[in-house]
Amino acid sequence: MAGTEDAYTAEPFVPRRGGLPALRAAAADCRGCPLHRDATQTVFGAGQASARVMLVGEQPGDQEDRQGKPFVGPAGHLLDRALAEAGIDPADAYVTNAVKHFKFTRAEPRKRRIHKAPTLREMTACGPWLAAELDRVQPELIVVLGATAGKALLGSSFRVTRVRGTVLEEEIHGRPERLVPTVHPSAVLRADDREGAYRGLVSDLKVAVRALG
Ligand code: URA
Ligand code: SF4
């Protein structure tokens with residue numbers, strides 16, 4: 001059952017039929033795991049069903065939680081800049097997250113909300129939404145942004161440092177997919193050598209551009 005201790009899953013909330021708008025509307029009421037309780041709203045993916053490339057991040061951050069759209073905060077601004085530099089029009093990409101609700105802690109009541117990484121259990125619970133997005137969009141290429149997205153799509157043995165900037169071919173939810181993993185834009189913002197980390201992100205995204213042809 002959804003919402004019980006041992007079986008968190010979005011599955012009963014995901015409509016079998018309908019396009020992205022139907023999915024988005026249903027996701028707004030998802031109670032598949034406890035993360036919906038403290039977050040402001042579901043942050044579903046954004047973009048056209050005709051998008052050739054799907055970008056998958058971790059989970060919404062503070063700004064995304066307030067605005068209800070993925071990658072609209074500082075990490076999103078950096079990502080948009082990197083995409084444009086690599087030659088991907090952000091408007092041509094479908095952008096989403098492995099987990100659709102913001103997970104956070106507060107050091108003190110009413111203080112700033114601090115991002116907390118989702119657990120494997122929460123990623124697994126939210127997986128049916130990502131599977132449904134892949135089914136409706138059928139992208140030619142998936143750009144995997146960081147370790148959480150990688151584990152959600154490719155399993156817990158995924159290591160971003162080992163496979164970043166390469167084209168992987170894997171079966172995901174029964175469909176053969178091509179994926180290009182790279183670092184998460186938030187990791188670029190936190191890096192000591194921010195410029196070097198940014199160049200690395202752009203160079204991985206260029207691999208994605210070449211793979212799209
Ligand atoms: N980080 C993510 O992984 N996703 C967002 O939407 C914003 C920040
Ligand atoms: Fe549903 Fe995912 Fe939100 Fe959990 S995080 S309530 S599974 S949409």
Looking at THR40 and the list (1) within 16 Å of ligand 2 (Cβ to nearest atom); (2) of a type outside the set (Phe, Trp, Tyr); (3) crowded, with 17+ Cβ neighbours inside 10 Å, which single condition is not satisfied? (3)
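Counting only residues that are under 20 Å from CYS33 (Cβ atoms) and loosely packed, with under 14 Cβ neighbours inside 10 Å, how many does segment 81-105 have?
Here is the first cut: in segment 81-105, the residues under 20 Å from CYS33 (Cβ atoms) are 96-105.
Then keep just the ones that are loosely packed, with under 14 Cβ neighbours inside 10 Å; that gives 105.
Residues flagged as under 20 Å from CYS33 (Cβ atoms) and loosely packed, with under 14 Cβ neighbours inside 10 Å within segment 81-105 amount to 1.
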Where LEU179 falls short, out of the listed (1) free of Cβ contacts under 8 Å to residues at least 60 places away in the same chain; (2) in contact with a Ser or Thr (Cβ under 7 Å, 6 or more places away or on another chain): (2)
Name the single residue that is nearest to ligand 1 (Cβ to nearest atom) among those in segment 70-106 being within 20 Å of ALA187 (Cα to Cα) and basic (Lys, Arg). LYS100
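Among the strands (runs of 3 or more DSSP E) contained in segment 66-170, which hold 2 or more residues that are in contact (Cβ under 8 Å) with a residue 12 or more places away in the chain? So that I can check it myself, show each step before the final result.
Details: elements: 93-97, 104-106, 113-115, 141-145.
Filter on segment 66-170 gives 93-97, 113-115, 141-145.
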Does at least one position in segment 118-140 carry a residue that is over 14 Å from GLU177 (Cα atoms), within 16 Å of ligand 1 (Cβ to nearest atom) and touching a strand residue (DSSP E or B) at 6+ places or on another chain (Cβ under 7 Å)? no
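Read-outs: derived from the displayed coordinates by stated rules, not from any lab. This one's a predicted model, so the numbers in the text were calculated from it and none came from an experiment. Here the Cβ is made from the backbone with ideal geometry for all residues, glycine too, and neighbour counts use every protein chain on show.
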